[in-house]
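Accompanying notes for the structure given below.
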Amino acid sequence: MTTPVLEIIGVSKRFGDTLANDGISMSLGKGEIVALLGENGAGKTTLMSILFGHYVPDDGQIRIDGEELPPGKPRAAISAGVGMVHQHFSLASNLTVLENVMTGTERLWKLWSATQAARKKLVSIAERFGLKIDPDARLGDLSVGEQQRVEILKALYNDARILILDEPTAVLTNIEAERLFATLKDMARQGLSLIFISHKLDEVMAAAHRIVVLRGGKVVAGRKASETSKAELAELMVGRRVTRPVREPSTPGAVVLEVRDLGVRIGGVERLKDVDFALREGEVLGIIGVSGNGQVPLARVLSGTLARTSGEILLYGEPVGHLSVGDVVDAGIGRVPEDRNGEGVIGEMSIWENAVLERLPAYSHNGLVDRKAGMAFAKSIIDAFDVRGGTPASGTRLLSGGNMQKLILGRNLSHRPRILIAAQPARGLDEGAVAAVHARILEARKAGTAVLLISEDLDEVISLADRIQAIVAGRLSPPLDAGRIDARRLGLMMSGDWSHAAEATHAP
Amino acid sequence: MSVVFDILASAGLWAAILRIATPLIFGTLGALLCERAGVLNLGIEGIMTFGAMIGWLAVFHGADLWTGVLVAAISGALFGVLHSLLTVTLGLSQHVSGLGVTLFASSFSYYVFRLVVPVAGTPPTVMPFQPIDIPALSSLPFIGPAFFTQTAPTYLAIVVALIMAYIIFHTPVGLAIRMTGENPHAAEAQGVNPMKVRYGTVIVGSALMAVGGAFLTLSAFNSFFPTMVQGRGWICIALVVFASWRPGRALFGALLFAFFDAFQLRLQTVVEGVPYQIFLMTPYILSIFALALMARRARVPQALMQPYRRGER
């Protein structure tokens with residue numbers, strides 16, 4: 001075998017008391033795609049930041065084509081041919097694609113920018129790798145997937161031969177993710193070498209040639225994709241056998257929430273139309289669909305943050321008018337919003353404040369907030385829901401996504417809600433956290449809570465929901481029982497082909 | 001109507017517009033440069049006052065006029081260093097730092113002025129810039145007196161606007177400035193140092209503001225008094241928004257405001273029975289309307305007023 005293009009040899013990095021990277025060694029061959037698999041906090045991002053020169057390692061070295069890379073110098077990494085695609089894009093939304101790509105690539109004091117030459121180079125790279133893009137489009141007008149394409153093009157424009165992608169699919173829809181992996185494979189065929197960081201088993205199996213598993217800052221295993229399985233990888237990654245909880249059969253009770261002909265218009269655009277469903281005690285109703293089909297307005301109407309334009313909502317059999325957030329909380333409806341950081345918690349505030357914010361009247365006396373009671377409540381959530389990495393008084397922003405979600409679930413489930421609206425509850429979480437969130441949702445179901453699960457994750461819906469309805473272009477399909485459903489039928493439902501999906505259900 | 005026409009047809013109006021616009025052009029360009037890199041510079045009002053004072057003082061003590069302008073520019077640059085220290089290095093609130101610089105620079109200029117020039121009935125004067133006679137052009141009928149009887153700094157202001165437009169949109173350093181104002185983290189990832197870019201733009205921008213101030217004492221008038229900037233700095237801050245952070249439009253905006261101002265001055269003298277204060281207000285009211293019309297489409301630099309700290313997101 002020829003010399004690998006990239007070698008990481010015995011790299012260690014310590015932050016305070018934590019050893020983020022502990023003697024990590026790995027290599028990358030030309031034209032190879034390696035997935036770096038690990039849970040959040042396993043040290044993946046630290047390792048890649050060292051490689052790209054953002055951090056100086058305490059020990060070890062990095063070699064590119066056999067030559068040692070000077071540590072801590074991003075410019076040196078760039079000129080050695082390393083390109084990094086960050087999870088949070090380093091782009092400016094008010095500048096054009098070309099301007100974003102060109103920044104910093106020319107001598108600063110040149111009297112003019114060679115825009116034409118740069119445009120030509122960008123277009124030719126874009127064509128070579130099938131990354132279609134309009135160089136003069138304003139970046140902010142592009143979709144997230146297109147913006148990621150710009151981020152990749154930026155690295156290629158700097159003549160990157162080794163591309164590092166940090167959780168590239170975290171912000172993409174399923175279709176965009178598939179397209180991305182097709183592009184990455186094509187790049188590898190053309191001689192580029194790629195490392196991508198991920199905690200999603202499906203995608204590492206599908207896209208990588210080789211998988212390096214990281215746990216607790218150490219390399220625990222390296223496997224060829226063809227010689228391993230999802231189950232083995234999950235166990236290696238978490239360090240124990242992870243089993244997602246299983247839904248036990250149950251008999252649902254009375255209908256607690258019924259929606260008839262619900263319609264929502266926003267700015268003249270029909271976002272929801274003729275939506276019908278009924279939610280019963282002790283069941284999970286799954287709403288499956290590709291994101292952007294009306295999930296957000298649906299969740300918001302039921303959470304009291306958006307007014308419906310038409311239709312009826314019956315809560316415990318009684319028709320209700322406009323729901324305010326206060327009404328919703330008082331009615332015993334728990335909410336897990338899709339955008340954890342934006343709507344779920346206020347990052348700047350402490351954990352206890354976030355815990356009591358939606359029930360302030362219950363936690364205040366004579367107009368003053370009862371801090372003690374709030375802290376005690378937060379402590380009980382932290383204990384009961386295994387929220388790690390924070391105390392009642394510490395900032396909420398410091399929590400990882402999984403722990404933040406446990407806090408939000410805890411805040412809702414501690415009050416034994418009769419209804420729970422959970423939107424994309426496990427999105428972006430690692431295996432361990434997904435299992436925990438799912439277990440909590442099933443626990444609530446067992447306790448009699450009616451759960452509306454809005455999700456675009458097929459596995460999640462199949463494993464949690466008793467009945468499933470698909471959401472397509474603002475409409476809901478008729479419900480199908482989970483027992484008679486499989487991935488193919490769900491696919492038909494999600495594409496809007498409801499009659500075929502229903503027929504398929506009747507077939508044995 | 002004929003009154004309006006008479007005013008518009010007088011060469012004096014157009015000459016006045018350019019004269020009134022000059023300090024606004026310098027000030028607006030200075031503020032615009034800072035904001036393009038993401039730093040709001042509310043020190044402008046004070047920096048203009050100080051530039052007006054120190055430039056005048058230099059000339060009063062025997063320096064030639066251009067040296068006076070240079071001294072003003074250097075003083076502005078120093079205030080720029082101060083503002084950068086506060087907002088870039090220390091990452092303090094840009095509003096508060098800027099207002100602090102304004103209060104400090106305004107009072108400091110009066111203090112220095114009083115140290116050197118004792119209280120007197122009539123303030124001492126200097127010999128200001130004289131209109132330049134441009135061969136052929138200045139002697140054209142109407143056009144000559146209207147547009148080619150300005151002093152050198154006025155032409156300089158227009159040239160600076162054009163140069164700045166070119167730099168911002170057509171050079172690598174201009175792109176680096178814009179990227180820093182939009183997303184300093186992205187700039188850093190591409191090898192541009194956002195701290196240096198912000199220091200540079202705030203220093204150069206503040207120098208331009210001070211030159212705008214010096215125009216008041218070395219060309220428009222011939223003496224200094226502490227209240228002479230009269231809110232021009234704040235007008236410049238508004239003009240930057242009106243101009244959507246584009247130097248060409250900043251030039252246009254400054255001229256438009258100057259047009260309102262010169263026009264109302266002349267209207268005062270010919271329209272009777274209306275208190276002159278009403279006319280004084282009109283340029284500002286019209287400016288608010290113009291701002292409301294123009295600025296709604298404006299694209300604010302995304303990182304404006306956000307301190308940059310390395311390694312944070």
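The values are calculated or read from the model by the stated rules, or taken from the named source; none is laboratory data. What you see is a predicted model; the values in this text were computed from it and never measured. Glycine also receives a Cβ, built like all others from the backbone with ideal geometry; neighbour counts cover every protein chain displayed. These area figures cover heavy atoms from the full protein model, side chains too; ligands, DNA and RNA do not enter into them. Shrake-Rupley method; radii C 1.70, N 1.55, O 1.52, S 1.80 Å.
Tell me what the protein assembly as shown gives for mean residue ellipticity at 222 nm when only DSSP H runs of n ≥ 4 count, each as -39,500 (n - 2.57), the sum divided by the residue total, rounded to 500 deg cm²/dmol.
It comes out at -14500 deg cm²/dmol, rounded to the nearest 500.
Using a 1.4 angstrom probe on protein heavy atoms only, which residues from segment B:186-231 are buried by at least 50 Å² of accessible area when all chains are present rather than their own chain alone?
B:A189, B:Q190
Looking at the square roots a ≥ b ≥ c of the eigenvalues of the Cα gyration tensor of segment A:266-373, which shape do they give, rounded for a/c under 1.5, prolate if a/b is larger than b/c, or oblate?
Cα axes put segment A:266-373 in the prolate bin.
Compute the label zone of A:L314 within segment A:455-487: residues whose backbone N is under 20 Å from the point 7 Å along Cα-to-Cβ.
A:467-469, A:476-480
Rounded if a/c is under 1.5, else prolate if a/b is larger than b/c, else oblate: which is segment A:64-216, with a ≥ b ≥ c the root eigenvalues of its Cα gyration tensor?
Verdict is oblate for segment A:64-216.
Check cross-link reach from A:K121 to the lysines: straight Cα distance under 21 Å, and skip same-chain residues fewer than eight apart.
A:K110, A:K132, A:K154
With a sphere of radius 14 Å drawn around the Cβ of A:E248, what net charge do the other residues whose Cβ falls strictly inside it have (Lys, Arg +1; Asp, Glu -1)?
+1
Would you rank A:T391, A:T449, B:T149 by solvent-accessible area, highest first, keeping every protein chain in place and using a 1.4 Å probe?
Sorted descending by solvent-accessible area, the residues read A:T391, B:T149, A:T449.
Rounding to the nearest 10 and keeping the result within 0 to 90°, find how far the Cα-based axis of helix B:11-36 lies from the longest principal axis of chain B.
Long axis of B:11-36 versus the principal axis of chain B: about 10 degrees.
Apply the Karplus parameterisation 6.51 cos²θ - 1.76 cosθ + 1.60, with θ equal to phi minus 60°, to every residue of segment A:70-85 and state each ³J(HN,Hα) to the nearest whole Hz, in sequence, with x for glycine and proline.
x, x, x, 10, x, 4, 5, 5, 4, 6, 7, x, 9, x, 10, 10
Sum up the charges of everything whose Cβ sits under 12 Å from the Cβ of B:Q94, counting Lys and Arg as +1 and Asp and Glu as -1, but leave B:Q94 out.
0
Please compute the length gained on full extension between A:S414 and A:S394, using 0.36 nm multiplied by the number of residues separating them and subtracting their Cα-Cα distance.
5.2 nm
What does the accessible area per residue of segment A:92-159 come to in Å², with a 1.4 Å probe and no ligands, DNA or RNA counted?
Using a 1.4 Å probe on heavy atoms only, each residue of segment A:92-159 averages 48 Å².
Whole Å is fine, so just give me how far the alpha carbon centre of segment A:7-65 lies from that of segment B:62-140.
Using only Cα atoms, the two centres lie 54 Å from each other.
Using a 7 Å offset from the Cα along the Cα-to-Cβ direction at both A:H209 and B:W66, what is the distance between the two label points in nm, to one decimal?
Going by the 7 Å Cα→Cβ label model, 6.6 nm.
Quantify how strongly other chains surround peptide A:111-123 by giving the mean number of their Cβ atoms within 10 Å of each of its Cβ atoms.
So the per-residue partner count for this stretch is 2.
Quick one: pull the percent of accessible area on chain B belonging to carbon and sulfur, 1.4 Å probe, ligands and nucleic acids left out.
71
Under 5 Å between amide hydrogens, which residues at least 5 positions from A:F196 or on another chain qualify, with H placed 1.01 Å from N in the peptide plane?
A:V34, A:A35, A:L36, A:L165
Averaged over A:92-101, how many beta carbons belonging to a partner chain fall within 10 Å of each residue's beta carbon?
Shielding by partners across A:92-101 averages 5.
Could you give the length gained on full extension between B:F252 and B:L140, defined as 0.36 nm per residue of separation minus the Cα-Cα distance, in nm?
So the chain would gain 37.9 nm between B:F252 and B:L140.
Leaving ligands, DNA and RNA out of it, work out the accessible area of B:V211 with a 1.4 Å probe and give it in Å² to the nearest 10.
For B:V211, the solvent-accessible surface is approximately 20 Å².
For a quick check of understanding: with a 1.4 angstrom probe and all protein chains in place, what accessible area in square angstrom does B:L99 have, to the nearest ten?
About 80 Å², ignoring ligands and nucleic acids.
Given labels modelled 7 Å from the Cα in the Cβ direction, how far is it in nm from B:D6 to A:S364?
My value for the distance between the label points is 6.6 nm.
At a Cα cut-off below 29 Å, give the lysines reachable from A:K379, other chains included and same-chain residues fewer than 8 away excluded.
A:K406, A:K446
Which shape class, rounded, prolate or oblate, goes with chain A when its Cα gyration tensor gives a ≥ b ≥ c as root eigenvalues, a/c under 1.5 marks rounded, and past that a/b bigger than b/c marks prolate?
In terms of gyration-tensor shape, prolate.
Taking chain B as a Gaussian network, where each spring joins two C-alpha atoms under 10 Å apart, which residue of B:L29, B:L208, B:L265 fluctuates the most?
Maximum fluctuation in the GNM of chain B, among the listed residues, is at B:L265.
Would you mind giving the total buried accessible surface between chains A and B, with a 1.4 Å probe and ligands, DNA and RNA left out, rounded to the nearest 100 Å²?
Separately minus together, A and B give about 2000 Å² buried.
Could you give me the ³J(HN,Hα) list for segment B:259-269, computed from phi with Karplus coefficients 6.51, -1.76, 1.60 and θ = phi - 60°, whole Hz, x at Gly and Pro?
Residue by residue, segment B:259-269 yields 4, 3, 5, 5, 5, 5, 4, 6, 4, 3, 7 Hz.
Over chain B, with a Gaussian network built from C-alpha contacts below 10 Å, which listed residue (B:T171, B:T89, B:T22) shows the highest mean-square fluctuation?
Highest fluctuation among the options: B:T171.
For A:Q190 and A:K120 in one chain, what is 0.36 nm times their gap in residues minus the Cα-Cα distance, to one decimal in nm?
Additional length available on full extension: 23.2 nm.
What does the charge count around A:V259 come to, taking other residues whose C-beta lies under 10 Å from its C-beta (Lys +1, Arg +1, Asp -1, Glu -1)?
Summing Lys and Arg as +1 and Asp and Glu as -1 gives -2.
Per the 1.4 Å probe, what fraction of the accessible area of segment A:92-159, in percent, lies on carbon and sulfur atoms?
54
How large is the accessible surface of B:H95 in square angstrom, using a 1.4 angstrom probe and rounding to the nearest 10?
Roughly 90 Å² of B:H95 is accessible to a 1.4 Å probe.
Give the residue list of trypsin sites (Lys or Arg not before Pro) in segment A:191-289 that are DSSP loop and have at most 14 other beta-carbon atoms within 10 angstrom.
Within segment A:191-289, the qualifying trypsin sites (Lys or Arg not before Pro) (loop, at most 14 other Cβ atoms within 10 Å) are A:R240, A:R241.
Once Rh for segment A:92-159 is found with the Kirkwood sum over Cα pairs, what is the Stokes-Einstein diffusion coefficient at 37 °C and 0.692 mPa s, in µm²/s?
It diffuses with D of about 272 µm²/s by this estimate.
Using a cut-off of under 17 Å, list every residue of segment A:174-203 whose amide N is near the label point 7 Å from the Cα of A:K132 along the Cα-to-beta-carbon line.
A:175-184
Rounded to the nearest 0.05, what FRET efficiency do A:H500 and A:R241 have when you use their Cβ-Cβ distance and R0 = 30 Å?
It comes to 0.20.
How large is the dipole of the protein assembly as shown about the Cα centre if only Lys and Arg carry +1 and Asp and Glu carry -1, each at its Cβ, rounded to the nearest 20 debye?
920
Compute the label zone of A:E248 within segment A:444-483: residues whose backbone N is under 19 Å from the point 7 Å along Cα-to-Cβ.
A:444-451, A:463-467, A:483
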